[in-house]
Amino acid sequence: MVQPAMTQFLNSVLSQRGPSAVPYSEDTKWLIRQHLVALTTAFPSLEPKTASFTHNDGRSVNLLQADGTIPMTFQGVTYNIPVVIWLMESYPRHPPCVYVNPTRDMIIKRPHPHVNPSGLVSVPYLQNWTYPSSNLVDLILNLSLHFGRDPPLYSQRRPSPSPNPNPNPNPHPHPPNFGNSSSNLSSSSSSSLSGYPHHHPPSRTYPPSPYPAPASRVQNTEDPSEVFKRNAINKLVEMVHGDVSSLRKTREGEMEGLFSLQGVLKQREESLNKGLKEMQEEMEALEQQLQIVLMNTDVLEGWLRDNQGKKIGGLENPEDAFECVDVLSKQMLDCTAADLAIEDTLYALDKALQVGAVPFDQYLRSVRSLSREQFFHRATAAKVRAAQLQAQVANMAARNQRYGS
């Protein structure tokens, strides 16, 4: 049963922000919490805590650790081995660092196949660590199995004699019961640790573990068929993960290309809409010009019908051959003729002044009088032109209705 205080402690540590935050990636903090909760549920003798870890380069970092004892069975007797499991910055993608934590009256067996003189543990499970299937519970079971075959710690004092069911002499020294031993490291062993935190944890007493390591469960983890099956599953997971990553990169590249193509298509759409709008405006202008041409055509056809068969040889004045269609047109014709006649007169006066045929004072009086008269004719022509334009617009609207119907 997981204690609420321990769960609250993990939630508090993993949710911290700022300088005091633990250096784990955000996407793995939930899995780290699950690993520690499962570990304390299976092995209550291991307690999660935080401590400062000093790397070989002198850099210190605040990390999570599981400190306590793990049970092992040696010659039918269960012993508790003090260990410290450090969850490094790259955990759980990389394996944790496991150290045996001998007390003052313990020594590390030399040589040991899985523990070096500094206490660093190296077992095949750590070497073959696979993310995300590997976990701390299976690690402890594997350590218990290996330590039961070859205990890593021995007491400096001779243990008290105990009844031995095996009458044959044991070639290996009998490991002590580490249940009531303190967990402080000796100064000689702590100075030789590579990558081990340079601090001494406070003295504490480890009670004997009431949970002996289940032999059947340990044996199952080392079953060759189970190991092969687990490795095959892990390999398949890695292959699927690689395929998914490559497929995602390919799809992302395709999406980038499609987004670029979408931008080009939007620009072309804007260009086409602009061209279509210009063509519509031009078509409207052409339709207006067509209406004007049709109106002028009707006017010319009407004039031809009215003057068809007439002879102009008997007319005294050739100007009488042209007949204005309305009063405004006749008034515009008179104003334009008078304006042009005055313009010719002014030109003739300029020439006469240059040759000296007209006195200068008479020239000024004549120009002043003619200019005033020309101004009135031009003003009248402008008013007549405006009236004609209004009449043309009204006539065009009537013709549009006629052609539209």
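The values are calculated or read from the model by the stated rules, or taken from the named source; none is laboratory data. Note that the structure is predicted; figures quoted are calculated from it, not measured. Ideal geometry is used to build each Cβ from the backbone, glycine not excepted, and the neighbour counts take in all protein chains shown. Accessible surface areas use protein heavy atoms only, side chains included; no ligands, DNA or RNA. Shrake-Rupley method; radii C 1.70, N 1.55, O 1.52, S 1.80 Å.
Each residue in region 366-377 was checked for being surrounded by fewer than 14 Cβ atoms within 10 Å (Cβ to Cβ) and either within 16 Å of L333 (Cβ to Cβ) or without any contact (Cβ under 8 Å) to a residue 24 or more places away in the chain (or both), and 5 pass. List the residue pairs whose Cβ atoms are under 9 Å apart, where the first residue sits in region 250-272 and is in contact (Cβ under 8 Å) with a residue 60 or more places away in the chain, the second is surrounded by fewer than 10 Cβ atoms within 10 Å (Cβ to Cβ) and of a type in the set (K, R), and the two are 6 or more positions apart or on different chains. Close Cβ pairs satisfying both conditions: none exist.
Residue check: P95 meets all listed conditions (1) over 46 Å from the mean Cα position of the chain (by Cα); (2) crowded, with 18+ Cβ neighbours inside 10 Å but one, namely (1). In the set A357, A386, A391, A398, only one residue is assigned to a helix (DSSP H, G or I), farther than 19 Å from V299 by Cα and either in contact (Cβ under 8 Å) with a residue 60 or more places away in the chain or out of contact with any Gly (no Cβ under 8 Å at 6 or more places or on another chain) (or both); that residue is A386.
Scan region 10-68 for residues that are more than 17 Å from I140 (Cα to Cα), without any contact (Cβ under 8 Å) to a residue 24 or more places away in the chain and in contact with a helix residue (DSSP H, G or I) (Cβ under 7 Å, 6 or more places away or on another chain) and report the count. Selection size over region 10-68: 2. Tell me which residues, restricted to region 315-330, are in a loop (DSSP other than H, G, I, E, B), open to solvent by less than 100 Å² (accessible area, probe 1.4 Å) and modelled with pLDDT of 75 or more. Correct list: C324, D326. Pairs are defined by a Cβ separation below 7 Å, a sequence spacing of at least 6 or placement on different chains, a first member in region 295-309 that is under 21 Å from V393 (Cβ atoms), and a second member that is open to solvent by less than 70 Å² (accessible area, probe 1.4 Å) and of a type in the set (K, R); the pairs so defined are M295/R399. Pairs linking a residue in region 139-155 that is touching a residue at least 40 places away in the same chain (Cβ under 8 Å) and open to solvent by less than 20 Å² (accessible area, probe 1.4 Å) to a residue that is of a type in the set (F, W, Y) and not in a strand (DSSP E or B), with Cβ atoms under 8 Å and 6 or more positions apart or on different chains, are L139/Y125; I140/F43; N142/Y125; L143/Y125; L153/F178. Restricting attention to region 333-359, the residues being among the hydrophobic types (A, V, I, L, M, F, W, C), open to solvent by less than 70 Å² (accessible area, probe 1.4 Å) and at pLDDT 90 or above number 10.
When region 36-65 is filtered for residues that are closer than 17 Å to Q8 by Cβ and touching a strand residue (DSSP E or B) at 6+ places or on another chain (Cβ under 8 Å), the ones remaining, listed by number, are L36, L39, T40, E47, P48, K49, T50, L64.
So that you can scan it fast, the table gives a plain yes or no per residue for (1) farther than 30 Å from E323 by Cβ; (2) of a type in the set (D, E, K, R):
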{"site": "M255", "(1), (2)": "yes, no"}
{"site": "K266", "(1), (2)": "yes, yes"}
{"site": "Q280", "(1), (2)": "yes, no"}
{"site": "E284", "(1), (2)": "yes, yes"}
{"site": "M295", "(1), (2)": "no, no"}
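Scanning region 247-292 for residues that are charged (D, E, K, R) and more than 18 Å from the chain's Cα centre (by Cα) returns K266, R268, E269, E270, K274, K277, E278, E281, E282, E284, E287.
Return yes or no: is V84 within 23 Å of N11 (Cα to Cα) and open to solvent by less than 10 Å² (accessible area, probe 1.4 Å)? The answer is yes for V84.
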